[in-house]
Amino acid sequence: MLLALILLCTQACQQDNINSTTLYAFGTLIDFKTFGLNNANNQAALTYLNQQLSHMDTQWSAWGDGELGKINQQLQLGETASISKSMHTVLELGIQLQSQSDGNFAVDLGRLIELWQFNQQNHAVSKPPDSEKIQSLFAQPTSLTLTTDSISSNQSVILDLGGFAKGVALDILKNGLHDLGIENALVNAGGDLVVLGKKGHQFWTIGIRHPRNNGVFALIKAKPGDSIMTSGDYERFFIYEGKRYHHVIDPQTGQPSRDFQSVTVIHPNAALADAAATALMIAGLDNWQSLALKLGVTQVLCVDQKGTVWATPSMKRSVQLISDDFKFAENDT
Amino acid sequence: MIADHKNAASIPLMQAADWLLLVCALPLVLFITSNLWQNDSRAEYLTLASIYAPSQKILLSESKTLTIHGRLGPSLIEISKGAVRFLESPCRNKLCIQNGWLRKAGDSNWCIPNGIGMSLKTKEASKIDGITY
């Protein structure tokens, strides 16, 4: 009886201790939750988040007026562009992940994204681009040269950090919040999230979105420091002649990936998890396991077009399926 | 066999310790089942956020329509019978409107072109703290 009462009280008290705020940045909703934080510290954390998100959103936009937008303008003129130290760090990491993922994740896909018009906030396209136009982009291979303070390339390149920008941002925010003394928090940047600590004695509980409706099909108890990143074919898409065309574009073919509806990756490094989720979407059924191994991500969950769930053993132990629409594959590893 | 029968007849069906265990277990069972119910509970309020304004919490108990201003102009939000949807939007594709009604806690919808997002929550403890998508 006493134990049950303590549990009930703890649950009620823990919910009272959660502060929840929603911000808008990176073209999406940012949910911020803290546990057991007083109002002054919570406000300090919110101010920090607002400043950082606003700065990164502006500076990293490929088609905006910030640093990356200006770099792209210079590259298209055939000029060498100067870069800041922080931009060098981001681009170096992106190029490294591009190589590590065998090109399934890429930072130089801006032209392809532009051709599909998935870069436009007011996306109004309802028909795929001509295949000749896509092929013409492959005629001139990319050549990127990055130094500590400059970047140059051929004029066919538009840098686009969309495949891992939110991951990089979440790594920065996680460290910044930790430096501010925030021990227990959750930052959810439009479905890509990072957790600090726990909510009292409980782990933060994360749901994985059903790829075809607004519900949740699986639950994860997030360990402190984990980031959980999902890439899906339902975020930006259109249907043409009964076929779904979405924003995760295969750098090798110029076409949207086909095998998976969504891929979720858990890893303490949010940038790696974000890039891996994109790369594994593209790697598809035949190659996701070998690529996950190469990238060093051990917690991966992929949903194929039939709703079959392919998961690594480590992920299978962490996740609970709560929808009858989904079943684990019988022969996954 | 006969001895066993005699023993069984002499011992009460429920001893004091059994009753104590039952009384102690009952609140625990209630606690666990209440957690399960919460996951399926309908949303009680709406969090509405725009790039131009801090998020606001709106109870879903009262049916009404409200206007929120975004990057392209005003979006009309309809609340009815505990559910919410985008009714009108200045965006071109109207994907936010096509997503239809949201009812359950944890559901969310947003209009990227107009910079407006909404998510549904319950006042009670929600089992889910965040959704990855």
Per residue accessible area in Å² of chain A, where ligands, DNA and RNA are left out and the probe is 1.4 Å: 43 Å²
Shielding of A:84-92 by partner chains, average beta-carbon count, 10 Å: 0
Entries of A:Lys198/B:Lys127; A:Lys33/B:Lys121; A:Lys198/B:Lys57 with Cα pairs more than 19 Å apart: A:Lys198/B:Lys57
Carbon and sulfur %, accessible surface of segment A:193-236 computed with the full protein complex present, 1.4 Å: 52 percent
Gaussian network model of chain A, Cα within-10 Å springs - most flexible of A:Gly94, A:Gly162, A:Gly27: A:Gly27
Label-point separation in nm, A:Thr147 to A:Lys133, each point 7 Å along Cα→Cβ: 3.7 nm
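Averaged across the residues of A:21-30, what count of C-beta atoms belonging to other chains lies within 10 Å of each residue's C-beta?
6
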Calculated FRET value between A:Asn38 and B:Ser80, using beta carbons and R₀ = 30 Å, to 0.05: 0.20
B:Arg92/A:Leu285 FRET efficiency (R0 45 Å; Cβ-Cβ; nearest 0.05): 0.80
Using alpha-carbon coordinates, inclination of helix A:165-179 to the longest axis of chain A, degrees: 40 degrees
Test item: A:185-194 mean partner chain Cβ contacts at 10 Å: 3
Pairwise centroid distance, computed over Cα atoms, of segment A:199-245 with segment A:274-333, Å: 13 Å
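In whole percent, and with a 1.4 Å probe on the protein chains, what portion of the accessible area of segment A:271-326 is carbon and sulfur?
On segment A:271-326, the fraction of accessible area on carbon and sulfur atoms equals 47 percent.
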Amide proton proximity set for B:Gly106, modelled H, under 5 Å, gap of 5+: B:Leu120, B:Lys121
Chain A: most fluctuating residue of A:Tyr240, A:Tyr24, A:Tyr48 per GNM, C-alpha cutoff 10 Å: A:Tyr240
³J(HN,Hα), Karplus 6.51/-1.76/1.60, whole Hz, each residue of segment A:301-306, x for Gly, Pro: 9, 10, 10, 7, 5, 8
Helix A:39-59 axis, angle to chain A major axis (alpha carbon atoms, nearest 10°): 10 degrees
Residue-level accessible surface for A:His201, protein heavy atoms, 1.4 Å, Å²: 150 Å²
Shape call, segment A:175-216: gyration tensor on alpha carbons, a/c limit 1.5: oblate
A:Thr58/A:Asp324 FRET efficiency (R0 41 Å; Cβ-Cβ; nearest 0.05): 0.40
Neighbour cut-off at most 16 other Cβ (10 Å), DSSP loop, GluC sites (Glu not before Pro), segment B:66-133: B:Glu124
Nearest-ten-degree value, helix A:85-100 long axis tilted from longest Cα axis of chain A: 80 degrees
Reachable lysines from A:Lys133, criterion Cα separation under 21 angstrom, eight or more residues apart if same chain: A:Lys243
Buried solvent-accessible surface, both chains (B, A), 1.4 Å probe, Å² to nearest 100: 3500 Å²
Label point distance in nm, B:Glu44-A:Leu77, each placed 7 Å from Cα along Cα→Cβ: 5.8 nm
Within straight-line cross-link reach of A:Lys294, lysines at Cα separation under 25 Å, skipping those fewer than 8 residues along the same chain: A:Lys166, A:Lys223, A:Lys316
The protein assembly as shown: antiparallel DSSP beta bridges as a percent of all, rounded to 5: 95 percent
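The values are calculated or read from the model by the stated rules, or taken from the named source; none is laboratory data. Keep in mind that this is a model prediction, so the values were computed, not measured. Because the Cβ atoms are built from the backbone with ideal geometry, glycine has one as well, and the counts that use them run over all protein chains shown. Areas reflect the complete protein model, heavy atoms only, side chains present, ligands, DNA and RNA absent. Shrake-Rupley method; radii C 1.70, N 1.55, O 1.52, S 1.80 Å.
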